[in-house]
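Below: the structure, in structure tokens.
The values are calculated or read from the model by the stated rules, or taken from the named source; none is laboratory data. As the structure is a prediction and not an experimental result, all values here were calculated from the model. Heads up, the Cβs are rebuilt from the backbone with ideal geometry, glycines too, and the neighbour counts pull from every protein chain shown.
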Amino acid sequence: MAFTRLTGKSAYKRFPSAGTIAAGSSAQFDENGEVVIAATNKQNVGVNIAAATASTDAHLDIIDVGSIWRCNTFTGTYAATYIGQQVDIAAGLTVTLGTTTNNDCTVVGGDVAGQAYVDIVFNQGGLSKTVVGLE
């Protein structure tokens, strides 16, 4: 699973899926109100907790303000100098260190010695009330 929650309160909600979405991938809404991955310059709404297809609903853990997420798929070599830098997410699964086209997330930590993960905060946190209708 690419993204897993480390901190923050989980809140789950289902949405129609526009296509195949792998478990653990970050997801956004498309123009039809369906959940997609890898949409350019769209807010990341949540992390899909189970694989979904166009014929099933995506089951998202909604991103909240300040929650920390661990990603075990990333490009580049993680170094502590990345802490505080904004980076992108590719294909909903991969943090791309050194790429700042969309500024999807901010690096807050990682595994320098083993290069096994990076920890991030999504830059569009706090969507639960304004976008996805949670109470």
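Val108 passes all but one of (1) free of Cβ contacts under 8 Å to residues at least 60 places away in the same chain; (2) closer than 20 Å to Asn123 by Cα; (3) over 12 Å from the mean Cα position of the chain (by Cα); (4) part of a loop (DSSP other than H, G, I, E, B); which number fails? So Val108 meets the others, but not (4).
Elements of the type strands (runs of 3 or more DSSP E) sitting completely within segment 1-52 and holding at least 2 residues that are over 17 Å from Cys105 (Cβ atoms) and touching an Asp or Glu at 6+ places or on another chain (Cβ under 6 Å): these cover 12-16. Condition check for Ile89 on (1) modelled with pLDDT of 95 or more; (2) in a strand (DSSP E or B): one failure, at (1). Within segment 72-90, residues that are within 15 Å of Asn103 (Cα to Cα) and charged (D, E, K, R) reach partners that are outside any helix (DSSP H, G or I) and modelled with pLDDT of 95 or more with beta carbons closer than 8 Å, at six or more positions or on different chains, in the pairs Asp88/Val95; Asp88/Thr96. The set of residues from segment 74-93 being β-branched (Val, Ile, Thr) and either in the same structural domain as Lys13 (by TED's automatic domain parsing) or surrounded by fewer than 18 Cβ atoms within 10 Å (Cβ to Cβ) (or both) comprises Thr75, Thr77, Thr81, Ile83. Residue count for segment 53-86 satisfying the condition of being among the β-branched types (Val, Ile, Thr), more than 12 Å from the chain's Cα centre (by Cα) and not in a loop (DSSP other than H, G, I, E, B): 2.
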